[in-house]
Amino acid sequence: MIVVKNLKVRGATSSLKVGTKVRNIRLVDGDHNIDCKISPKQIPRNLMQISSLVTSCLAVAVSTMQAHPQTTLFPTEGRGSPRVEQLGTSVDQMIYEFMETERVPGLTLALWLNRPQARSTLRSRAIVTLLLSTLVLIAGCSNPLDNVRVIVPAQVQPVAKTSVRMEPFSGFIGGRWKMTTLAGTDTYDTWHWGPERNSIRSMSRGMLPNGEPWGTMTAYYWHPGRKEIRTLGVGSVLRGVSEGTMTFDGRKTEGAFDLFQTGATRNLGLRWTFDGLDTFHDQLLEKGPRSFEVMVEWDRHRVAVASVDERAAERTLATAAKPSEFIKPIERLLGHTWEGKAVPEIAARPPADMLRTRTIFEYVPDADAIYGRVQTLDPDGAPSHAMDLYLYHHTGARVLRCLALANSNDGEGIVYEGDITPGDNGRWLRIDLRAHRSSSVSTIEARIDFEPPGGVRFRAWSTEGKDRTLIFDQDQSEANQ
């Protein structure tokens with residue numbers, strides 16, 4: 001460790017100066033947990049005095065993250081984060097107590113540790129990890145953190161690049177979330193990040209009491225224009241489509257949404273209360289004469305991922321499923337993996353600036369909807385997640401709709417929303433979109449032309465004002481898989 005700011009250390013005769021080195025940080029037995037070598041020699045080495053050094057380092061890390069949020073490695077969370085818990089006492093709770101004792105403002109480090117065999121070992125490792133994490137954060141002042149390795153349990157993904165606004169969802173990643181209904185049937189939810197982690201997708205699948213399968217596909221996303229977390233859910237029961245908002249308050253989450261079903265529209269709410277890393281209480285509410293009232297409630301628990309046989313069975317069912325008449329007009333998108341090159345923003349870029357992309361669409365039978373993913377490919381063919389697309393029939397509006405969630409230069413993401421118009425018996429699709437960015441809203445006309453024997457052409461025009469300007473044009477063909 002190299003100190004990057006003059007630090008006062010309790011019990012020392014002088015401050016640590018910029019450039020001071022701390023070496024050989026290690027666990028020891030005895031009257032303190034951590035030992036190290038610090039120059040100058042008069043700096044005491046016991047844990048309480050070193051904790052003041054750590055505290056000062058944390059303060060530096062706070063100012064660093066405020067000035068450079070893109071370098072933040074660890075998420076900021078509320079007390080008792082349900083995602084960070086170990087053997088009766090959560091690691092983040094121990095850190096909170098440490099921070100409050102030492103009066104460290106404005107920062108919580110969420111740490112992931114392999115479960116130790118003994119509580120004493122856990123506490124020692126937690127303190128060491130706190131110190132090492134601080135060093136990583138300080139290093140972020142001048143160095144990018146993309147290559148920093150974080151040790152995490154197998155079921156939890158790192159959240160180094162999570163959008164700050166969507167970070168509370170990071171605890172859902174990993175494993176499946178199981179819910180048992182009052183009728184005794186089970187439902188499983190799996191969660192998947194969207195581009196730049198400005199969105200997350202939940203896939204739910206279960207059985208109705210009569211034995212019929214049911215499910216939903218729900219997107220939770222940051223809307224840069226509305227400055228709020230929005231939701232879009234598409235489900236199989238009465239062709240339900242839900243649209244609403246979500247808010248987080250520490251260990252509780254609340255949402256309100258309109259549910260459009262065949263023959264009815266309902267005003268519903270939800271409330272999630274987290275209890276530890278792997279459990280939360282789920283309440284579904286409906287608006288009554290005076291307020292929202294609880295309709296039904298369940299407990300959801302994290303369990304292991306689906307087995308190989310379970311996943312194979314799900315793929316078999318999905319392959320055999322056929323889109324309804326509502327989705328038939330856009331069915332040509334399915335069954336292909338397309339790749340091609342294009343020049344985005346043609347008017348502003350030189351012809352040599354070619355963008356290679358891959359586009360995949362899949363049918364989600366439980367939601368009777370189509371999920372699409374666009375990836376950009378580097379020269380070696382390695383993919384980067386660029387866009388998620390949700391194509392569905394809106395039960396309330398009775399039209400085909402598109403929600404597209406894409407990455408952006410400013411990290412806020414871009415939200416495209418609009419209606420789909422099929423033409424010439426499904427040989428082409430026109431999508432009239434509004435593009436919501438953090439600082440502007442624009443209108444775009446997109447078109448997809450299916451070209452035999454298996455190709456497709458994607459184009460987009462800006463329709464701002466009186467002009468119609470081509471901004472994207474790409475021919476894609478069937479990829480060699």
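Taking the stretch 387-431 only, how many residues are among the hydroxyl-bearing types (S, T, Y), surrounded by 15 or more Cβ atoms within 10 Å (Cβ to Cβ) and over 19 Å from K227 (Cα atoms)?
Qualifying residue count for the region: 3.
Selection within the stretch 210-246: residues that are among the polar types (S, T, N, Q) and crowded, with 18+ Cβ neighbours inside 10 Å. The member of this set that is farthest from the chain's Cα centre (by Cα) is S236.
Within the stretch 438-472, the set of residues being exposed (fewer than 15 other Cβ atoms within 10 Å of the Cβ), of a type outside the set (S, T, Y) and over 20 Å from G413 (Cα atoms) comprises E451, P452, P453, G454, E464, G465, K466, D467, R468, L470.
For (1) of a type in the set (S, T, N, Q); (2) at pLDDT 90 or above, each residue gets a yes or a no:
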position: D432; (1), (2): no, yes
position: S440; (1), (2): yes, yes
position: I448; (1), (2): no, yes
position: V456; (1), (2): no, yes
position: T469; (1), (2): yes, yes
position: D473; (1), (2): no, no
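Cβ-Cβ distances below 6 Å connect the following pairs, each with a first residue in the stretch 458-472 that is in contact (Cβ under 8 Å) with a residue 12 or more places away in the chain, a second residue that is in a strand (DSSP E or B) and small (G, A, S), and a separation of six or more residues or different chains: A460/A446; E464/S442; T469/S462; I471/A460; I471/S462; F472/A460.
On the stretch given as the stretch 259-269, residues that are more than 19 Å from R290 (Cβ to Cβ) and either among the charged types (D, E, K, R) or crowded, with 17+ Cβ neighbours inside 10 Å (or both) total 2.
Residues in the stretch 217-237 that are without any contact (Cβ under 8 Å) to a residue 60 or more places away in the chain and not in a strand (DSSP E or B): K227, V237.
Within the stretch 198-209, is even one residue closer than 18 Å to T273 by Cα and surrounded by fewer than 20 Cβ atoms within 10 Å (Cβ to Cβ)? Within the stretch 198-209 (the criterion being closer than 18 Å to T273 by Cα and surrounded by fewer than 20 Cβ atoms within 10 Å (Cβ to Cβ)), the answer is yes, since at least one residue qualifies. Hey, does the stretch 187-205 have a residue that's modelled with pLDDT under 90 and hydroxyl-bearing (S, T, Y)? So far as the stretch 187-205 goes, no, none of its residues is modelled with pLDDT under 90 and hydroxyl-bearing (S, T, Y). Screening D282 against (1) without any contact (Cβ under 8 Å) to a residue 12 or more places away in the chain; (2) surrounded by 13 or more Cβ atoms within 10 Å (Cβ to Cβ); (3) charged (D, E, K, R) leaves a single unmet condition, (1). Applying the set (1) part of a strand (DSSP E or B); (2) over 18 Å from the mean Cα position of the chain (by Cα); (3) crowded, with 16+ Cβ neighbours inside 10 Å to W272 leaves exactly one unmet item: (2). Closer than 29 Å to G288 by Cβ, under 20 Å from the mean Cα position of the chain (by Cα) and surrounded by 19 or more Cβ atoms within 10 Å (Cβ to Cβ): is that true of W193 in this structure? Spelling it out, it is not the case that W193 is closer than 29 Å to G288 by Cβ, under 20 Å from the mean Cα position of the chain (by Cα) and surrounded by 19 or more Cβ atoms within 10 Å (Cβ to Cβ).
Cβ-Cβ distance below 7 Å, separation of 6 or more or different chains: which pairs start in the stretch 289-317 with a residue that is more than 13 Å from R271 (Cβ to Cβ) and end on one that is modelled with pLDDT of 90 or more and of a type in the set (K, R)? These pairs meet every condition: H301/K178; V303/R176; V303/K178; V305/R176; A306/R176. Taking each residue of the stretch 158-181 that is at positive phi and modelled with pLDDT of 85 or more and looking for partners that are surrounded by fewer than 17 Cβ atoms within 10 Å (Cβ to Cβ) and not in a loop (DSSP other than H, G, I, E, B) with beta-carbon atoms closer than 9 Å, six or more apart or interchain, yields G175/V303. Of the strands (runs of 3 or more DSSP E) lying entirely inside the stretch 366-471, not one carries at least 3 residues that are touching a strand residue (DSSP E or B) at 6+ places or on another chain (Cβ under 8 Å), closer than 21 Å to Y220 by Cβ and among the basic types (K, R).
Taking the condition in contact with a strand residue (DSSP E or B) (Cβ under 7 Å, 6 or more places away or on another chain) and of a type in the set (G, A, S), does G255 pass? Reasoning before the result, please.
On the way: in contact with a strand residue (DSSP E or B) (Cβ under 7 Å, 6 or more places away or on another chain): yes; of a type in the set (G, A, S): yes.
Yes; evaluated as a whole, the condition is true for this residue.
Looking across T279, T253, T245, one residue alone is within 27 Å of G372 (Cβ to Cβ) and among the polar types (S, T, N, Q). It is T245.
Under the condition of being surrounded by 10 or more Cβ atoms within 10 Å (Cβ to Cβ) and of a type in the set (G, A, S), which residue from the stretch 305-318 is nearest to G174 (Cα to Cα)? For the stretch 305-318, the residue satisfying everything is A306.
The values are calculated or read from the model by the stated rules, or taken from the named source; none is laboratory data. Not measured: the values here are computed from a predicted model. Backbone-built Cβ (ideal geometry, glycine too); neighbour counts: all protein chains shown.
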